[in-house]
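Notes for the one structure printed next.
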Amino acid sequence: MTWDKLVDRCLLFTDAPGGLLKELLKEAEIEISNKLELYDALYTIIVPNTISGLGIVSNETSLDKYDRNYAVLPQGYIRDVSVMHQGAKLRKISEEEIYRSSNTNKVDGGTPTAYAISGDFIIFNRAPSSADRFLLHYKASLTERTNDKVLGVLGYNSVATKIDLATELTSELENKNILWESLERTLTGYNSADSVLSSVPGAPDKGYINNGIVSGNLIQYKSNYTLNSALTGSVSTNGTKAPNGSMCVVKDYRSIAPVIPNRFHTSLCDYAVALANAKSSPELYNNYWTKWTLNMENYMNQSLDRDLIHSIKEEI
């Protein structure tokens, strides 16, 4: 759903200004994304090629009191999932478990085997060597500056320079830029929208959409747009050289609609209606805030249940 449609939904329950409701909807999107930890991210930490590597004063070698075993965490970090060093997985420990030399109170150099998290920093149990690489897998936050969204490419006409995107949005994306196969292009015009029913929901049959992409029991929405430039290379409309199934980044998508999955969209209205009426109608506030809270608890429990099943399978 677009922001405008969500605002219209909110206006069924409140007379608050539309501009206020839209900002509260965006605030709710950030809340639901971060509390449910919807997004994962990968961050590569490379030990800098300074005199001694990591640490705030890594260029200082005349004094032995400085540690060289910590780096700042990426912006948007919520919590860590795993850390790899040169292909080996590190175990997580508390900072107090990190050994320090009794003579210098420093962390010795060597190959790290464990890490700890302290505030904005990741700390290793050994000071790594210059150019060593760490791969941090973490839960990432949504922020006010998050603007883009990835959409699937369901079809491409190399002659007419038209593209099918997997979205329920239509003309709202006109004149938006997409980053597709390393180049930025513009969706200069909206042409049509189709929904392709691959099979009856619940039936085991499979259908075909867009030149041979096999889908299961789902309704796949697509919107067709004209591009301002063709995809270079030997890409064609059909066959093995068709780009069906690739992905593109729609720039500034969040100015039109939420970037979080569709199943969470209507819950954003509970948050917006509640806060918009916090002063003028405490009863309305309490009613919708309770709905928001209960929905959040349900979402979190569902997420925990999925994680529990995965953990059990790992143990088995």
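The values are calculated or read from the model by the stated rules, or taken from the named source; none is laboratory data. None of the values given here were measured: they were computed from a predicted structure. Glycine also receives a Cβ, built like all others from the backbone with ideal geometry; neighbour counts cover every protein chain displayed.
Overview of values
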item	result
Count of residues meeting criterion [under 15 Å from A88 (Cα atoms), hydroxyl-bearing (S, T, Y) and assigned to a strand (DSSP E or B)] in region 102-145	1
Residue that is modelled with pLDDT under 85 and either within 29 Å of L304 (Cα to Cα) or under 32 Å from the mean Cα position of the chain (by Cα) (or both), where the choices are L38, L54, L63	L54
Qualifying residue in region 102-120 (condition: in contact with a helix residue (DSSP H, G or I) (Cβ under 6 Å, 6 or more places away or on another chain) and either basic (K, R) or farther than 30 Å from T293 by Cβ (or both))	yes
Any hit, region 72-80, residues being at pLDDT below 90, surrounded by 13 or more Cβ atoms within 10 Å (Cβ to Cβ) and closer than 19 Å to V47 by Cβ	no
Any hit, region 286-299, residues being among the acidic types (D, E) and under 20 Å from A16 (Cα atoms)	no
Residues satisfying the stated conditions in region 146-169, i.e. surrounded by fewer than 20 Cβ atoms within 10 Å (Cβ to Cβ), farther than 14 Å from Q220 by Cβ and not hydrophobic (A, V, I, L, M, F, W, C)	T146, N147, D148, K149, N157, S158, T161, K162
Filter result (more than 30 Å from K35 (Cα to Cα) and surrounded by 15 or more Cβ atoms within 10 Å (Cβ to Cβ)) within region 107-124	V107, P112
